[in-house]
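Working notes, beginning with the structure itself.
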Amino acid sequence: MKLYVFDHCPFCIKAMMTMGLKKLDVELVYLQNHDVEARIEKVGANLVPILEKSDGSFMAESLDIVAYLDNLDGQPVLGESQFGERISTWQTAAGYFGSRLLFPRWMMISLPEFACDEAKAWFTKNKTEMINRPFDDAYAKSDEYIAKLNVELLKLDWLVPPSQRGNQLTYDDINIFPTLRNYTVIKGIRYPGNVRQYIDEMAALTDIALYDSVAV
Ligand SMILES: N[C@@H](CCC(=O)N[C@@H](CS)C(=O)NCC(=O)O)C(=O)O
């Protein structure tokens, strides 16, 4: 099987977490960000992740891929979501600052989906329109956005590190960890103790690399 992804895509990380957790033999293929045709020809839509199954058929939608991979061996391990609404409300509030902090930074570090200039230009054009300001401007406002994001992170005091619940993961973990993992690329973020522990334990359990070492 192959999984077509972008490294910075939180939806892709959901599928990659399941691969890592279940130690599945799936080849990761990083598509170039501007190569829309490579997505459309597989699933008829411009989005990743895309799973190419062993029979050559394609599957889209991150949570469908997560469920498919988790059930492959007939022994699914992921528990049901309990805090779906709480997580999506938090993500909406944090996302305003998160996107303005993350988008310029994806252009400042080395990522496989931005290996060529065309891919970087495509991302810069689309996301600049999305946040309605040039990346340089957004980056220059980092201190202000980081202060706001730090306040949002304090609201995650309910988040329990997996080691305190027998390392049993749920769809809540699949939904929130990718966002927190991406924030590790932002230098100056202050994680409350439980959140940092949560991120580190989740990364180890799912074999997902964090961005701390390249944070800007
Ligand atoms: N509902 C989809 C959403 C996936 C999605 O929005 N992926 C984004 C990347 S984060 C994408 O491929 N966007 C197309 C583009 O960047 O050109 C899922 O859960 O898999």
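The values are calculated or read from the model by the stated rules, or taken from the named source; none is laboratory data. Bear in mind the structure is a predicted one, so any value in this text is a computation, not a measurement. Positions of Cβ are backbone-derived with ideal geometry, glycine not excepted, and every protein chain shown enters the neighbour counts. When the accessible area is computed, the model is the full protein with side chains, heavy atoms only, and any ligands, DNA or RNA have been set aside. Shrake-Rupley method; radii C 1.70, N 1.55, O 1.52, S 1.80 Å.
Listing for the model above:
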| item | result |
| --- | --- |
| Protection proxy ranking of 47-54, 204-211 - average other beta-carbon atoms within 10 Å, highest first | 47-54, 204-211 |
| Whole-Hz ³J(HN,Hα) from phi, Karplus 6.51 cos²θ - 1.76 cosθ + 1.60, for segment 155-172, glycine and proline x | 7, 9, 5, 7, 6, 9, x, x, 4, 8, 9, x, 6, 8, 9, 10, 5, 5 |
| Top of 16, 108, 202 by mean-square fluctuation, Gaussian network on the chain, Cα under 10 Å | 108 |
| Spatially proximal aspartates and glutamates relative to residue 23 (Cα-Cα < 12 Å; intrachain offsets below 8 disregarded) | 70, 73, 207 |
| Mean separation of Cα contacts under 8 Å (6+ apart) over length of the chain, as relative contact order % | 25 |
| Net +/- balance of residues flanking residue 187 in space, Cβ distance below 10 Å, scoring K and R +1, D and E -1 | 0 |
| Pairwise Cα inverse-distance average, inverted: Kirkwood Rh of the chain (Å) | 18.0 |
| Expected 222 nm ellipticity per residue - DSSP helices of 4 or more, -39500 (n - 2.57), all of the chain, to 500 | -16500 deg cm²/dmol |
| P(r) of segment 2-70 over all Cα-Cα pairs, binned every 10 Å from zero, in whole percent | 23, 61, 17, 0 |
| Accessible-area composition of the chain, carbon plus sulfur, in percent [1.4 Å probe] | 51 |
| Unsatisfied cross-links (Cα-Cα over 23 Å) in the set 22/120; 14/42; 141/187; 125/148; 148/187 | 22/120; 125/148 |
| Over segment 12-117, volume per residue of the alpha carbon convex hull, in Å³ | 132 |
| Bins of 10 Å, starting at 0 and running to the largest distance - Cα pair percent for segment 119-163 | 22, 33, 26, 18, 1 |
| Computed over segment 2-70: relative contact order in percent, which uses C-alpha pairs under 8 Å that are six or more apart | 39 |
| Stokes-Einstein D (µm²/s) once Rh is taken as the Kirkwood radius of segment 83-174 over alpha-carbon pairs, at 4 °C in 1.567 mPa s | 85 |
